Amino acid sequence: MRPFVFTLFAAVFSISLPAAPPFEIERSVATRGFDGKTCWVHARAGAIPTGGKPVVVTTLQKLEVSGSDIFYALHTMQSPDLGKTWSAPVRQKNYARVPYSWQGKDDLEITVCDFWPRWHRQTGALLGTGHTVVYENNRVKKTRPRSTAYAVFDPETNRLSPWKTLTMPDLPKFGNCGAGCTQRVDLPDGEILLPVYFKPIGDARFSTTVLRCSFDGTELRYIDHGSELSVPVKRGLYEPSLAKFGGRFFLTMRNDEHGYISVSDDGKKFSEPKRWTFDDGADLGNYNTQQHWVTHRDALYLVYTRRGAENDHVFRHRAPLFMAQVDADKMVVLRDTETCP
């Protein structure tokens, strides 16, 4: 196997972007970590304003390659110069696996994964969200509860606060509910639109919704949620990400066979999910993998993977990454704008 290299693309930072598209995309090596047994995954960046160049904070964690979703403690890295240089990954001790009991089983473990930090302007906090994962004998427990986990990063100590979980309505459908791998939108009044996916414990099919939450710098609280979206295809819709552009809200969602898109005028009531296609009507070719947003004041971009790039040797065609502009009115990807960083 080739050594795993963790790279960051300047275009996907949660900071101010260039004055107008198209972007210039720089690729640089931030750290290396493949040792034949583990590699770095889930590298996501948030930016803390400083008055000058923001401090960019990336969260990431090790994955054991011998199985599926075998994660270890979150780490953090910092860059004071927009990704030119990076500190070494620092292990967050509060995010190591800890013992967990559920339904009479006392030999389980739990930790947090699929984390994403983002600056919350109203409270001046770098708030990260993700979800919990439960292990049994070092494998993800198939039937398990799931919760949205959150924490605040302190740049002075280079530490994440001990993780907490978001309290949801006491309903069976939210027994397995989390904000794993999701991009959120913060509203001008400080309320947060947080996409999550959920299902009753033991069910196979997920639905996606967008939560409206409050955040006071310490506690994240559920207020309500909007449309509940799913499709009758295998595991439904999950790992959603949200963006705001042109006064509307755009929700992209993973599915086992196709990526899906939905739109809303108010961030609560969303349209029926539509498969992602190019503007010529062809399927985007994304499947069983996340898609994410890059938002510019003049254009909306999608970052995705797909078939058809001489990448049949890659697991689920998860490399290379593509980035292309979205026609926000027609909700399609403009093929001629596609680039492969």
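The values are calculated or read from the model by the stated rules, or taken from the named source; none is laboratory data. Computed from a predicted model, the values in this text were never measured in an experiment. Here Cβ is always computed from backbone atoms with ideal geometry, including for glycine, and neighbour counts include all displayed protein chains.
Regarding Phe153, is this residue under 21 Å from Pro49 (Cβ atoms) and either surrounded by 21 or more Cβ atoms within 10 Å (Cβ to Cβ) or modelled with pLDDT under 95 (or both)?
yes
Which of the residues belonging to segment 193-214 are in contact with a Gly (Cβ under 7 Å, 6 or more places away or on another chain) and farther than 17 Å from Arg146 by Cα?
Leu193 - this is the single residue of segment 193-214 that is in contact with a Gly (Cβ under 7 Å, 6 or more places away or on another chain) and farther than 17 Å from Arg146 by Cα.
Taking the condition of being free of Cβ contacts under 8 Å to residues at least 40 places away in the same chain, of a type outside the set (Gly, Ala, Ser) and crowded, with 17+ Cβ neighbours inside 10 Å, how many residues in segment 255-274 meet it?
So the answer is 3.
Every residue in segment 20-72 that is of a type in the set (A, V, I, L, M) and in contact with a helix residue (DSSP H, G or I) (Cβ under 9 Å, 6 or more places away or on another chain), please.
Passing the criteria: Ile25, Ala45.
When segment 156-177 is examined, which residues are found to be among the hydroxyl-bearing types (Ser, Thr, Tyr) and within 25 Å of Asp203 (Cα to Cα)?
Passing the criteria: Thr165, Thr167.
Only one of these is touching a residue at least 60 places away in the same chain (Cβ under 8 Å) and farther than 20 Å from Asp186 by Cβ: Arg27, Arg97, Arg32, Arg91. Name it.
Arg27
Among the hydrophobic types (A, V, I, L, M, F, W, C) and modelled with pLDDT under 95: is that true of Val65 in this structure?
In short, yes.
Does Asp329 satisfy the condition of being more than 23 Å from Ser68 (Cα to Cα), exposed (fewer than 13 other Cβ atoms within 10 Å of the Cβ), of a type outside the set (Gly, Ala, Ser) and more than 21 Å from the chain's Cα centre (by Cα)?
In short, yes.
Any idea which residue in segment 58-90 is surrounded by the most Cβ atoms within 10 Å (Cβ to Cβ), counting only those that are farther than 30 Å from Lys141 by Cα and either of a type in the set (S, T, N, Q) or touching a Phe, Trp or Tyr at 6+ places or on another chain (Cβ under 6 Å) (or both)?
Selected residue: Ser79.
If you scan segment 8-33, which residues turn out to be modelled with pLDDT of 80 or more, more than 13 Å from Met77 (Cα to Cα) and surrounded by 17 or more Cβ atoms within 10 Å (Cβ to Cβ)?
Scanning segment 8-33 gives a single hit, Gly33.
Tell me which strands (runs of 3 or more DSSP E) are completely within segment 96-161 and hold 1 or more residues being farther than 21 Å from His42 by Cβ, or say none if there are none.
Of the strands (runs of 3 or more DSSP E) lying wholly inside segment 96-161, those with at least 1 residues that are farther than 21 Å from His42 by Cβ span 98-102, 105-120, 125-136.
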